[in-house]
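Working notes, structure below.
The values are calculated or read from the model by the stated rules, or taken from the named source; none is laboratory data. In this text the structure is predicted, and so the values were computed from the model without any measurement. Glycine also receives a Cβ, built like all others from the backbone with ideal geometry; neighbour counts cover every protein chain displayed. The area values use the complete protein model at the heavy-atom level, side chains included, leaving out ligands, DNA and RNA. Shrake-Rupley method; radii C 1.70, N 1.55, O 1.52, S 1.80 Å.
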Amino acid sequence: MNNAKPILAIETSGKICGACLYFNEEKYFEQKITLKHSHSDKIFEVVESVLRTGNTELNEIDAIAVSAGPGSFTGLRIGMSAAKGIALGSGLPLIPVPTFESLAFQIAAILPENTEFAVANKVNSEELYFARFQVSLNSYIFVHDLSVIKKEELPELTNNILIFGDAGKKDISVPSPEATAKWSVKFGKDLLTYDYDFLEPNYIKNFIVKGK
């Protein structure tokens, strides 16, 4: 990765439809829209907006980072498809960013060292995506690996620590586009790929359509 060039990050794993043109901590351009069912209509508009505001062309970008899940099945598919299309058309590599880890990275920046916290987002009425982390050196380490749990397991696994996500009391359930970009810069070098055809969202749990 070329640190002199910016990263374009796309975040559509949840309720946010957003993008970030990220140069460094002092210089980045971010736009996000929170509007239900808007991702497919707004994602390219949002990407074009941050590029235009940052006065940057696609051929001046180093790579495209995209939130890879787990999260909304539809949102992840839209974001991944948009990122693949832009990457293919411009010859840029992709960086799949694990959604819970970029969110943990964002949260860890505002909590004291060694604080433990959990992220719990709803899968359905009975299950949660769950992971537990500890703040370490302005970043995070896993205490409980990402998995799908039953809702009734949450109190035992969290043990009175801070809970973020739509199943918790802290209303931060998805990473910001800036956090997705920052994670890709700090941790994404080994994930960078041109193999677009083999890149799929990490759903964790298979999507099942229930009939009547």
Review point. Taking Pro112, is it part of a strand (DSSP E or B) and either modelled with pLDDT of 95 or more or not charged (D, E, K, R) (or both)?
Key: no
**Study point:** Lone qualifier among Val135, Val143 - being open to solvent by 60 Å² or more (accessible area, probe 1.4 Å), among the β-branched types (Val, Ile, Thr) and more than 17 Å from the chain's Cα centre (by Cα)
**Key:** Val143
Review point. If you go through the range 7-19 one residue at a time, do you hit one that is out of contact with any helix residue (DSSP H, G or I) (no Cβ under 6 Å at 6 or more places or on another chain) and without any contact (Cβ under 8 Å) to a residue 60 or more places away in the chain?
Key: no
**Study point:** Out of Lys186, Lys150, sole residue that is farther than 25 Å from Ala19 by Cα and open to solvent by 30 Å² or more (accessible area, probe 1.4 Å)
**Key:** Lys150
Point to revise | Single condition Ile64 does not satisfy, out of (1) touching a residue at least 60 places away in the same chain (Cβ under 8 Å); (2) assigned to a strand (DSSP E or B) | key: (1)
Point to revise | Failed condition for Thr34, given (1) more than 15 Å from Lys182 (Cβ to Cβ); (2) open to solvent by less than 70 Å² (accessible area, probe 1.4 Å) | key: (2)
Check your understanding: Is it true that Glu11 is surrounded by 24 or more Cβ atoms within 10 Å (Cβ to Cβ) and either basic (Lys, Arg) or touching a strand residue (DSSP E or B) at 6+ places or on another chain (Cβ under 7 Å) (or both)?
Key -> yes
Study note, to complete from the structure: Residue set Ile64, Ile43, Ile16, Ile78; condition open to solvent by less than 60 Å² (accessible area, probe 1.4 Å) and in contact with a Cys (Cβ under 7 Å, 6 or more places away or on another chain); output residue Ile43
Exercise for review: Would you check if there is a residue in the range 44-57 being of a type in the set (Phe, Trp, Tyr), modelled with pLDDT under 95 and out of contact with any strand residue (DSSP E or B) (no Cβ under 6 Å at 6 or more places or on another chain)?
Suggested key: no
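Quickly run through the range 85-98 and pick out the residues that are open to solvent by 10 Å² or more (accessible area, probe 1.4 Å), under 23 Å from Lys186 (Cβ atoms) and out of contact with any Ser or Thr (no Cβ under 9 Å at 6 or more places or on another chain). Give the derivation first.
Applying the first criterion (open to solvent by 10 Å² or more (accessible area, probe 1.4 Å)) to the range 85-98 yields 85-86, 88-92, 96, 98.
Going one step further and asking which of them are under 23 Å from Lys186 (Cβ atoms), we end up with 86, 92, 96, 98.
Across the range 85-98, the qualifying residues are Ile86, Leu92.
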Exercise for review: List every residue pair whose Cβ atoms lie under 8 Å apart, where the two residues are 6 or more positions apart in sequence or sit on different chains, the first residue falls within the range 189-212 and is open to solvent by 70 Å² or more (accessible area, probe 1.4 Å), and the second residue, located anywhere, is of a type in the set (Phe, Trp, Tyr) and modelled with pLDDT under 95.
Suggested key: Phe207/Phe73
